[in-house]
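Following: one structure in structure tokens, then a few remarks.
The values are calculated or read from the model by the stated rules, or taken from the named source; none is laboratory data. For clarity, every value in this text was computed on a predicted model and none was experimentally measured. We place every Cβ from the backbone using ideal geometry, glycine too, and count neighbours over all the protein chains shown.
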Amino acid sequence: MSKIAFDGRHLTGEGVERLSRKLGDLGDIFSDKGAHAALPQGRLVYEVESVLPVKEGTEGGLFVGMTYIHPGKVGREYFMTKGHFHTIRNRAEVYIGIEGEGMLILMSEDRSRVWAEKMRPGSIHYIPGHTAHRTANTGNRILSFGAVWPADAGHDYATISENGFSKILVDMDGVPVLIDKP
Ligand code: PAN
Ligand code: ZN
């Protein structure tokens with residue numbers, strides 16, 4: 001029997017690592033700096049639970065994780081993850097929508113193309129290599145999804161922290177729309 005399970009709310013079992021990201025940790029990702037500064041910096045934006053059955057960097061190994069993004073907005077921009085490229089750029093990943101509604105936002109390595117896929121319970125998303133990825137909660141309850149990625153992929157957050165994505169996802173009269181970064 002598997003030692004790890006998803007009980008509908010959380011990953012349970014041995015060796016589950018947890019991290020949380022609050023508004024105060026995410027000052028560089030939201031474009032409306034004034035709106036960001038006006039919100040409580042301790043507010044929880046998302047949590048990640050992961051299971052790393054092999055050592056980070058193991059070629060051929062896989063990691064599995066769950067992400068839970070709370071509903072909310074910073075200005076017109078939805079609560080979202082930091083986003084990253086994989087350090088080994090050709091490493092792909094799979095996301096599976098579990099609960100709530102959101103958008104997976106993807107950007108090509110040369111920044112020329114940004115596109116989005118709708119996430120909902122049961123949706124399956126293949127994130128190709130060389131593609132930055134982040135997720136936004138566009139609904140009014142928690143968005144949760146599962147992820148599986150290669151153990152040697154690594155996370156390059158710096159490139160996104162410095163330049164962001166070339167488009168941002170904003171609420172336009174209740175509809176999520178990708179627009180050029182202001
Ligand atoms: C996911 C992400 C998770 C949180 O497991 O790490 O959704 O997003 P950030 O890592 O961008 O904060 C994944 O893509 N792993 O590779
Ligand atoms: Zn990833």
Q: Check whether at least one residue in the range 95-112 is within 15 Å of ligand 2 (Cβ to nearest atom) and under 17 Å from residue 25 (Cα atoms), and report yes or no.
A: no
Q.
Please verify whether residue 54 is over 21 Å from residue 141 (Cα atoms) and modelled with pLDDT of 95 or more, treating the condition exactly as stated.
A. yes
Q.
Can you tell me which of (1) in contact with a Lys or Arg (Cβ under 7 Å, 6 or more places away or on another chain); (2) surrounded by 18 or more Cβ atoms within 10 Å (Cβ to Cβ); (3) among the aliphatic types (A, V, I, L, M) is the one residue 106 doesn't meet?
A. (1)
Q) Given the residues 48, 94, 74, which is the only one that is near ligand 1 (Cβ under 9 Å from one of its atoms) and either among the aliphatic types (A, V, I, L, M) or surrounded by fewer than 20 Cβ atoms within 10 Å (Cβ to Cβ) (or both)? A) 48
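For the range 163-182, name all the residues that are among the acidic types (Asp, Glu) and assigned to a strand (DSSP E or B). Write out each step before concluding.
Initially, the range 163-182 is screened for residues among the acidic types (Asp, Glu), giving 171, 173, 180.
If the condition is that a residue be among the acidic types (Asp, Glu) and assigned to a strand (DSSP E or B), then 171, 180 are the ones that fit.
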Q. Of all residues in the range 130-143 being crowded, with 19+ Cβ neighbours inside 10 Å and of a type in the set (Gly, Ala, Ser), which is nearest to ligand 2 (Cβ to nearest atom)?
A. 132
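Take the residues in the range 23-33 that are away from ligand 2 (no atom under 16 Å from the Cβ) and in contact (Cβ under 8 Å) with a residue 24 or more places away in the chain, then tell me which one is surrounded by the most Cβ atoms within 10 Å (Cβ to Cβ). Walk me through how you get there before you give the answer.
Start the filter on the range 23-33 by keeping residues that are away from ligand 2 (no atom under 16 Å from the Cβ), which leaves 23-28, 30-33.
Of the ones still in play, those that are also in contact (Cβ under 8 Å) with a residue 24 or more places away in the chain are 23, 26, 28, 30-32.
On the way: 23: 19, 26: 20, 28: 13, 30: 22, 31: 17, 32: 16.
Only one residue fits best here, namely 30.
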Q. Which number in (1) of a type in the set (Val, Ile, Thr); (2) surrounded by 18 or more Cβ atoms within 10 Å (Cβ to Cβ); (3) under 22 Å from residue 10 (Cβ atoms) marks the one condition that residue 127 misses?
A. (3)
